[in-house]
Amino acid sequence: MAGLLDRLRGRTTADPGPAEAVPSEAVPTLDRRERASTPAERQLAEAIAQKMLHGWLQNRHQTLMPLSVNLALLPPDERGRVARFAALAATAGTDVTAPARLAAWLAGASADADTLAAYDAALGAPPAFGRTLADVAAPSCAGIAYVLALVAARGDDAGGAGHAFAEYVAERLALPGAARRSARRRHGR
């Protein structure tokens with residue numbers, strides 16, 4: 001049996017010379033991560049990585065600023081904050097049709113009766129600016145607040161008070177540039 005193993009390892013019992021084969025225990029086995037990849041494997045891995053990165057970059061706009069806003073997904077207290085901010089945004093510009101436009105937008109974004117009632121109450125007695133803006137600084141509300149400011153500014157002249165207010169809101173809430181561009185493209189007509 002030992003002679004068979006010696007022949008398989010490349011040595012013979014009659015010729016134990018310096019060119020003996022290394023025993024299999026001495027040959028280090030390489031882990032897949034340590035093994036050098038072939039150019040084809042490397043190209044395939046790079047192509048897959050590029051496709052994954054491209055998909056993530058395409059999806060980040062949807063993640064940062066969803067195509068549609070669904071207020072029903074927010075907790076009731078956040079819906080109230082959004083409603084109070086909507087009232088503030090409606091009165092920030094010079095367009096007299098902004099309150100009705102925002103009420104329609106809120107209804108279209110699945111606002112419930114309590115949210116619409118909070119909006120109407122805030123229109124009657126506009127809330128304090130600083131506190132209301134601080135209330136919508138949460139990540140779940142910040143993008144919606146900017147969209148509300150854009151919707152309110154639709155009737156104002158370009159560069160008017162409503163547009164200035166919307167840009168101030170975006171700056172104050174530190175919205176990323178990609179989220180701003182996406183919101184302007186979808187809601188800032």
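The HN-Hα couplings worked out from phi for region 84-91 by the Karplus form 6.51 cos²θ - 1.76 cosθ + 1.60 (θ = phi - 60°) are 5, 5, 4, 5, 5, 5, 5, 9 Hz, whole numbers, x standing for Gly and Pro. Of the solvent-accessible surface of region 122-162, computed with a 1.4 Å probe and all protein chains present, 59% belongs to carbon and sulfur. Give the calculated FRET efficiency between ARG185 and LEU44 to the nearest 0.05, with a Förster radius of 25 Å applied to their Cβ-Cβ distance. After rounding, the FRET efficiency stands at 0.10. Over the C-alpha atoms of region 38-189, the Rg to Rh ratio, Rh being the Kirkwood estimate, stands at 1.13. Note on THR94 and ALA178: with the Förster distance fixed at 25 Å, the Cβ-Cβ geometry gives a FRET efficiency of about 0.30.
Report the FRET efficiency, 1/(1 + (r/R0)^6), for ASP114 and ASN70, where r is their Cβ-Cβ distance and R0 is 22 Å, rounded to 0.05. Provide the component values of the computation, followed by the final result.
On the way: r = 16 Å, r/R0 = 0.72.
Efficiency computed from Cβ-Cβ geometry: 0.90.
Roughly speaking, what % of Cα-Cα pairs in region 101-189 are separated by over 22 Å, rounded to a whole number? Let's see the in-between values first.
On the way: 951 of 3916 pairs.
Here the long-distance tail beyond 22 Å is 24 percent of all Cα pairs in region 101-189.
The values are calculated or read from the model by the stated rules, or taken from the named source; none is laboratory data. All values reported here derive from a predicted model rather than from experimental measurement. Cβ coordinates were reconstructed from backbone atoms using ideal geometry, including for glycine residues, and neighbour counts include every protein chain displayed. Protein only, heavy atoms only, side chains kept; ligands, DNA and RNA dropped before computing areas. Shrake-Rupley method; radii C 1.70, N 1.55, O 1.52, S 1.80 Å.
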